[in-house]
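What follows is a short report on a single structure.
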Amino acid sequence: MTEPSDLLPNLYPVNDYGPVMKGLAIGGLGIFHVFLAQFAIGGGFLMWWLEWLGQTGREPLARKLIDSVFRVLILLSFVTGALTGVGMWLTSIQVSAQTIGLMVDSFHWVWATEWIFFWLEIAAGYAFYRYGDRLPGRTRLALLGIYSIAGFGSLFWINGILSWQLTPGAWIANHDVWAGFFNPTFWPSLIFRTIVCGVLAALGAAIVINAMGEFTRAERERLIHRISVFMLPMIAMPLVAAWYLAAMPADSRGWIMGGSMVMTLFVSISAGGSALIGGYAVIALWRQKQYMNGATATLLAAIAFGATGAGEFIREGARKPYSVREVLFSNAITPAQVASLREHGVTAQNPYPLRDEADYPTAQLRKGRLVYRSLCSVCHTISGANALDALMGGWTVDQKRMNVAMLQWTEGFMPPFAGNAEELEALIQYLAWENAGRPPAWRESNDPATISQIKMWLDRAGTLPAPKAQAAFAAEESR
């Protein structure tokens, strides 16, 4: 049989982070970067508003506060934020170049537009930092306006690409850029992130206000009540979250709302943290006009960081088993490639040798390591984070063979196994060898009956992901 080139995966060299899961390496950088970026975007609008209050005589302390907040903003967003952004690109390309390539190929002009807004934000921010204290009022206001609009523009364009990964919508059929960009979760995601930007800006400003010794207690209290209005939109968060959930695919919504206990736990963390911050903003700051000291502001910022991290985990996890829904699985295999790889194998066309090839006593173990690297390593480690040792440790050898062969049935958020029966057995033997402490000798497992049984399980599981596999099986059973 001649294999079509479009049914072979595009293979790229990958980096191994040892006991640190590859997705965790990206996620850790991503959460930190998103948190800082959203703080910077909200901070731009907060400073523009404060500048307007100062120039219209509504808040005489505004200018002094702006100059202090902006120094913090520049340090965090221009230095730490920029470094983590570059780190995300570097790590993502090392771990899942296929996903990044698809995103850039599909939205290259959108990325280019976002970069223009980013550079405009950098230029306006640096100009204000360098010359703001010497500029006339109207120019200061205009420069802060450019900075804040550019920051929000960057969020606007990035949001379309990120939300497309979960809900590509009509893009799947027509590959129209705007159909993919303005996808079903675009607006709820954008509104939700915009609210978060305002909250983070207000909390950051509250920390700075309390750290400034030149303000009296009364002045700090007045300024904190001023900036607290940026936290009030949190009242709308439950409605926006419900809108976002309703726009999700049914199976993704199912993972979040109890189908996966880990996902449900992170939903609880995100919702609980948001409720604590929102409740404090509405009741303590707005209704009761209480004072928020530096310790409280820092604690709330830490809770906001936890809620942001949980929210990003939910956004990533809700896509499973996809990296781009319906288009690319999390292991960079497309749904159309699975059937071909079941016949030809995922290791047959892999040009990248193992760096520690001499450490494996048999060819079967080397093949098993290649299967693990190609299909499993982006989300799992051997004995570290999300380890296969722990997840499969309670299964017998035959249970491991059957459960991996029927992977999308075993765990609905996993993609189907994209390899042949010999490769699956090689993977099982490799995991057993690792679990045994990597002994210098290991007997190969080439029993034809075992391979035949694995092939039967693979055929029974099919090549479709859940819930499509379950729907196809139910339709066949009903005939």
Residues located in the range 86-117, provided they are under 16 Å from the mean Cα position of the chain (by Cα) and over 20 Å from residue 332 (Cα atoms): 86, 87
So residue 230 passes all but one of these: (1) within 27 Å of residue 411 (Cα to Cα); (2) in contact with a helix residue (DSSP H, G or I) (Cβ under 8 Å, 6 or more places away or on another chain). Which condition number does it fail? (1)
When the residues of the range 211-270 are narrowed to those that are in contact with a Lys or Arg (Cβ under 9 Å, 6 or more places away or on another chain) and without any contact (Cβ under 8 Å) to a residue 40 or more places away in the chain, which ends up nearest to residue 308 (Cα to Cα)? 245
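Within the range 14-110, which helices (runs of 4 or more DSSP H) (wholly inside it) include 2 or more residues that are hydroxyl-bearing (Ser, Thr, Tyr)? Explain how you work it out, then say what you get.
On the way: elements: 22-55, 62-73, 82-95, 97-106.
By residue number, 82-95, 97-106.
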Which members of the range 138-151 meet the condition of being crowded, with 20+ Cβ neighbours inside 10 Å and among the hydrophobic types (A, V, I, L, M, F, W, C)? 143, 144, 150
Filtering the range 275-293 down to residues that are closer than 17 Å to residue 303 by Cα, hydrophobic (A, V, I, L, M, F, W, C) and surrounded by fewer than 17 Cβ atoms within 10 Å (Cβ to Cβ) yields 275, 276, 282, 284
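Which one of these is over 30 Å from residue 16 (Cβ atoms) and either touching a Leu at 6+ places or on another chain (Cβ under 7 Å) or not in a helix (DSSP H, G or I) (or both): 152, 128, 118? Step through it out loud before you land on a result.
Numbers: 152 fails: either touching a Leu at 6+ places or on another chain (Cβ under 7 Å) or not in a helix (DSSP H, G or I) (or both); 118 fails: either touching a Leu at 6+ places or on another chain (Cβ under 7 Å) or not in a helix (DSSP H, G or I) (or both).
Only one candidate passes the filter, namely 128.
Out of all the residues in the range 37-61, which are among the hydrophobic types (A, V, I, L, M, F, W, C) and surrounded by fewer than 22 Cβ atoms within 10 Å (Cβ to Cβ)? Walk me through it before giving the result.
Filtering the range 37-61 for residues among the hydrophobic types (A, V, I, L, M, F, W, C) gives 37, 39-41, 45-50, 52-53, 61.
Correct list: 45, 48, 49, 52, 53, 61.
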Scanning the range 361-379 for residues that are closer than 15 Å to residue 13 by Cβ and in contact with a Lys or Arg (Cβ under 9 Å, 6 or more places away or on another chain) gives 377, 378
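Considering the range 311-329 alone, what residues qualify as being among the small types (Gly, Ala, Ser) and surrounded by 21 or more Cβ atoms within 10 Å (Cβ to Cβ)?
Quick first cut of the range 311-329, residues among the small types (Gly, Ala, Ser) only: 311, 317-318, 323.
Listed by number, the residues that qualify are 311, 318, 323.
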When you go through (1) in contact with a Leu (Cβ under 7 Å, 6 or more places away or on another chain); (2) modelled with pLDDT of 95 or more; (3) under 27 Å from residue 256 (Cβ atoms) one by one for residue 281, which number turns out not to apply? (2)
I'd like to know if the range 409-431 contains one or more residues that are at pLDDT below 95, over 17 Å from residue 455 (Cα atoms) and β-branched (Val, Ile, Thr). no
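With within 18 Å of the chain's Cα centre (by Cα), of a type in the set (A, V, I, L, M, F, W, C) and at pLDDT 80 or above as the only criterion, which of 36, 61, 65 stands out? Outline the logic, then answer.
Numbers: 61 fails: within 18 Å of the chain's Cα centre (by Cα); 65 fails: within 18 Å of the chain's Cα centre (by Cα).
Sole residue among the options that is within 18 Å of the chain's Cα centre (by Cα), of a type in the set (A, V, I, L, M, F, W, C) and at pLDDT 80 or above: 36.
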Matching residues in the range 343-390 - criterion: being loosely packed, with under 15 Cβ neighbours inside 10 Å and assigned to a helix (DSSP H, G or I): 343, 357, 358, 359, 363, 389, 390
Please state which of the following conditions residue 285 fails to meet, knowing it meets all the rest: (1) closer than 25 Å to residue 228 by Cα; (2) free of Cβ contacts under 8 Å to residues at least 60 places away in the same chain; (3) not polar (S, T, N, Q). (2)
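The values are calculated or read from the model by the stated rules, or taken from the named source; none is laboratory data. Just so it is clear, the model here is predicted, and its values are computed rather than measured. No Cβ is skipped: glycine too gets one built from the backbone with ideal geometry, and neighbour counts run over all protein chains shown.
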